[in-house]
Structure formats: C-alpha cells, structure tokens
Amino acid sequence: GQNIDQPTEMTATEGAIVQINCTYQTSGFNGLFWYQQHAGEAPTFLSYNVLDGLEEKGRFSSFLSRSKGYSYLLLKELQMKDSASYLCAVTGFQKLVFGTGTRLLVSP
Amino acid sequence: GAVVSQHPSWVICKSGTSVKIECRSLDFQATTMFWYRQFPKQSLMLMATSNEGSKATYEQGVEKDKFLINHASLTLSTLTVTSAHPEDSSFYICSARVGQGVGNEQFFGPGTRLTVL
C-alpha cells in the first residue's frame, strides 16, 4: 500500500521562507510531484523529482531522498498569492497517489 | 502547456438521478485519464484509472456500478454518477496523462462541483 504524510496547516509571513515536508511509504516508486491547489480549483504542477537531490525552479525548490522516503517543498520570498494547499503526490504502479495536503496561510 | 477541460463546472441534481461529467484533453491525446474525488478540506482521492478502449480500473472501495467510466476516444472520458445521493456531493476532478510513463506529468481539469439534494 501507500502512505503519504504532510502537515495539515502551516502559517508564514510575506517575504519569508517556508518548508513543507512530505514523508511517504510506497511500493513501486517512480517519482514524486508537488502541486499547488487554490480553493475550488484544480491542482497545478510545481515540480517533479525522481532522483535524489534538489530541484530549483524560481522561488520554489523541491528536494527528494528516496532512501529516507522524504521530500520537501521550499518556498522563498513568500507572497500573499502563495496562500494555497500544497499537495505531495507519489507515482507508483501507473498511478499518482496524493498526500493529505498542507494548507499554507501567508500573512502580511 | 496541455489543457484539460471538464463539463459541467458545477451541477445540482435531485437524489436518485444520474449525472454525467465529461473530461476532454483539448490539444493532446491522452492514453490514460484519471478520476479523482475531493471532499472539503481533504486531498484528492483517486477513484479510477481510465485507459482508452478498455475497462476502467477502480480503486478499492469505489463502486464501479455506481461510478460508470467510459473512455471512448483519446480525448474524451466520461464519469456518470448513477442514482446519486447527498453523500456523493463532492468536487470531481479528472486528469490526463500524455504517454504511458508514470513520470509523465498529469494535466488536471478545472473540476466539477456536484451537489446532490
């Protein structure tokens, strides 16, 4: 089976840095995605990691350690529009399974 | 990037009726489409995987006779909620994947909000 855990909620201040962790247990691992989802909207793609290490893309970075079953999403220079849910999703056996999601609230 | 549409974006129906939701890939051919359900403040739960021209694969606990999936072409998959009840009220989201590789990005539709009275 698959088990994916994320913190339920996080708060941060505009301009700050926040790290959202994701731990997973899965069989047939083929990579990990991070998605952003605003309320009432579909998820939008942020990043994909299949090898260990850090992937940087603008203000967002994602890290993966396959041996530890661990990933994090790092958001820098937070903006108010970054208030959203962040979903960690693991691929395995031809399908994508989502974690519980982390609601991030950015305050002024 | 690739665009996936869903129709309708929202629907209200009476208990006991059936509702059909369409998912279309607009500018690419999708061998595989996925249907998810999302309850308020919860994450996406995979309901079924739909491959063009074959039967859908349902996740454990999802009733295949209640949630009928048809993937008639490489650009269209439909989900029909039969004999809907209030507990079926949810946000239904489809996604489409280009190619067979599990690492290939999935593109999500805008979702359909179903309310059953």
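The values are calculated or read from the model by the stated rules, or taken from the named source; none is laboratory data. Just so it is clear, the model here is predicted, and its values are computed rather than measured. In this analysis, Cβ positions are derived from the backbone assuming ideal geometry, glycine residues included, and neighbour counts consider all displayed protein chains. In case anyone asks, the SASA skips ligands and DNA or RNA and just uses the protein heavy atoms, side chains included. Shrake-Rupley method; radii C 1.70, N 1.55, O 1.52, S 1.80 Å.
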Toy charge model, Lys and Arg Cβ at +1, Asp and Glu Cβ at -1: the protein assembly as shown dipole around Cα centroid in debye, rounded to 20, equals 240
Magnitude of the Cβ-charge dipole (Lys and Arg +1, Asp and Glu -1) of chain A about the Cα centre, nearest 20 debye, reported as 180
Using a Gaussian network model of chain B with C-alpha springs under 10 Å, which one of B:G61, B:G16, B:G53 is most mobile by mean-square fluctuation? B:G61
Partner shielding of A:37-46, as the mean number of partner chain Cβ atoms within 10 Å, equals 5
How big is the charge dipole of region B:9-117 about its Cα centre, in debye rounded to the nearest 20, if each Lys and Arg gets +1 on its Cβ and each Asp and Glu gets -1 on its Cβ? 180
A:D52 accessible area, assembled protein chains, probe 1.4 Å, Å²: 80
Simple label model, 7 Å out from Cα along Cβ direction - B:Q60 to B:R113, nm: 3.3
Peptide A:97-104: average number of partner chain Cβ atoms within 10 Å per residue? 3
Cysteines not pairable in chain B (beta carbon separation under 4.7 Å absent): B:C13
Proximal lysines relative to B:K41, as straight alpha-carbon distance under 29 Å, when same-chain residues fewer than 8 apart are discounted: A:K57, A:K68, A:K76, A:K81, A:K95, B:K14, B:K20, B:K64, B:K66
Between A:I17 and A:E41, what length in nm is gained on full extension when 0.36 nm per residue of separation is reduced by their alpha carbon distance? 6.2 nm
Taking +1 at the Cβ of each Lys and Arg and -1 at the Cβ of each Asp and Glu, which of A:T11, B:H71, B:P40 sits farthest along the dipole of the protein assembly as shown towards its positive end, judged by Cα position relative to the Cα centre? B:H71
Given R₀ = 30 Å, FRET efficiency for B:A2-A:Q25 by Cβ-Cβ distance, to 0.05? 0.45
Work out the mean other chain Cβ neighbour count within 10 Å for the residues of B:89-96 and drop it here as an integer. 1
Candidates B:T82, B:T32, B:T17; GNM for chain B (alpha-carbon contacts under 10 Å) flags as most fluctuating B:T17
Which Cα, out of B:F28, B:P8, B:L117, lies furthest along the positive dipole direction of chain B (beta carbon charges, K/R +1, D/E -1)? B:L117
Distance from the Cα centre of region A:37-77 to that of region B:25-73, in angstrom? 25
